[in-house]
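**Student:** Pasting in a structure now, in structure tokens, and then I'll have a few things to ask.
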């Protein structure tokens, strides 16, 4: 627990060491530098949480106790915001290319990671079954990799594509098109969350609604910004009160998927409000945020290897040696992943 507090303190230091009060409250809170830095902070928190799961006897996860699944709500919110902003900039061309450039590319990158994890499992003498391997490529099962977030974000991408495709068909009716966009994506993602809450563990469904919230924020960014600027402290207080109220709700419980989604959206908006007043400048966390996918999907790989080859290591003081190695490996694989993508892009061009 002491080491976890130390690591968390290091992350907070990296996040705020160059921070300064913003000269002007504006949409800088949603620019690439800020969103990548925030996501970089939370992907490091995810790493600490995942590592704690491999320690036996299990060590208390400070990250899980503090955040639960909240540390991925900004991933969904910022992703939804980015999709909406790209749509506003490129229009129907963006929707037409969306299945190939966003959905297919995400699935292919994920499936390559599944192939790597399956190969490692075979080399370790623990080959997964054919059924599990097939379902892992679909994101429904896991061969040691983290799968639920990719499955959930692909569902959100599909919801975005369907809603905005339908809105194109309703362009003649100008009042119906916006409703189809926002109402459609909200309804589809809500339906997916409902189904997942019945057939999968809670974390599969309890942060999904942050994605349509991000889409709405992206479509009405300037109007929402003006509202937030004029009523900043009132809205911040309301969001904090909603967050606390849902956290302590005696009727449905804070782990209920509806309650947790409300809490996730509130948390994401609180982060947005905080970054409206603070300029963040952390090259290290910004780098992590830019490599979010690779860091998320491959960070379990060294942990899986070590827990199979050296199971006793996680029961002794050596666990932190493996922590450092796992961290270095994750950073290295993210760097290699970036270089590989750049090479492929140059080859295509």
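The values are calculated or read from the model by the stated rules, or taken from the named source; none is laboratory data. As the structure is a computational prediction, the values presented were derived from the model and not from experiment. Every residue, glycine among them, receives a Cβ derived from its backbone with ideal geometry; neighbour counts consider all protein chains shown.
**Student:** Take the conditions crowded, with 16+ Cβ neighbours inside 10 Å, at pLDDT below 90 and at negative phi and apply them to residue 121. Does it pass?
**Tutor:** no
**Student:** On to the next question. Take the residues in segment 298-334 that are modelled with pLDDT of 85 or more and out of contact with any helix residue (DSSP H, G or I) (no Cβ under 8 Å at 6 or more places or on another chain), then tell me which one is farthest from residue 109 (Cα to Cα).
**Tutor:** So, considering only residues that are modelled with pLDDT of 85 or more and out of contact with any helix residue (DSSP H, G or I) (no Cβ under 8 Å at 6 or more places or on another chain), the one farthest from residue 109 (Cα to Cα) is 328.
**Student:** Which one of these does residue 154 not meet: (1) under 24 Å from the mean Cα position of the chain (by Cα); (2) in contact (Cβ under 8 Å) with a residue 40 or more places away in the chain; (3) farther than 23 Å from residue 188 by Cβ?
**Tutor:** (3)
**Student:** Please verify whether residue 197 is farther than 21 Å from residue 34 by Cβ, at pLDDT 85 or above and surrounded by 15 or more Cβ atoms within 10 Å (Cβ to Cβ), treating the condition exactly as stated.
**Tutor:** It is true that residue 197 is farther than 21 Å from residue 34 by Cβ, at pLDDT 85 or above and surrounded by 15 or more Cβ atoms within 10 Å (Cβ to Cβ).
**Student:** May I pose another question? Out of curiosity, is residue 258 at pLDDT 90 or above, surrounded by 15 or more Cβ atoms within 10 Å (Cβ to Cβ) and out of contact with any strand residue (DSSP E or B) (no Cβ under 7 Å at 6 or more places or on another chain)?
**Tutor:** No; evaluated as a whole, the condition is false for this residue.
**Student:** Output the number of the condition that residue 221 fails; it satisfies all remaining conditions of (1) in contact with a helix residue (DSSP H, G or I) (Cβ under 8 Å, 6 or more places away or on another chain); (2) within 26 Å of residue 258 (Cβ to Cβ); (3) surrounded by 13 or more Cβ atoms within 10 Å (Cβ to Cβ); (4) modelled with pLDDT under 90.
**Tutor:** So the condition that residue 221 fails would be (2).
**Student:** In this structure, is residue 281 crowded, with 18+ Cβ neighbours inside 10 Å and in a loop (DSSP other than H, G, I, E, B)?
**Tutor:** When the stated conditions are applied, residue 281 does not pass them.
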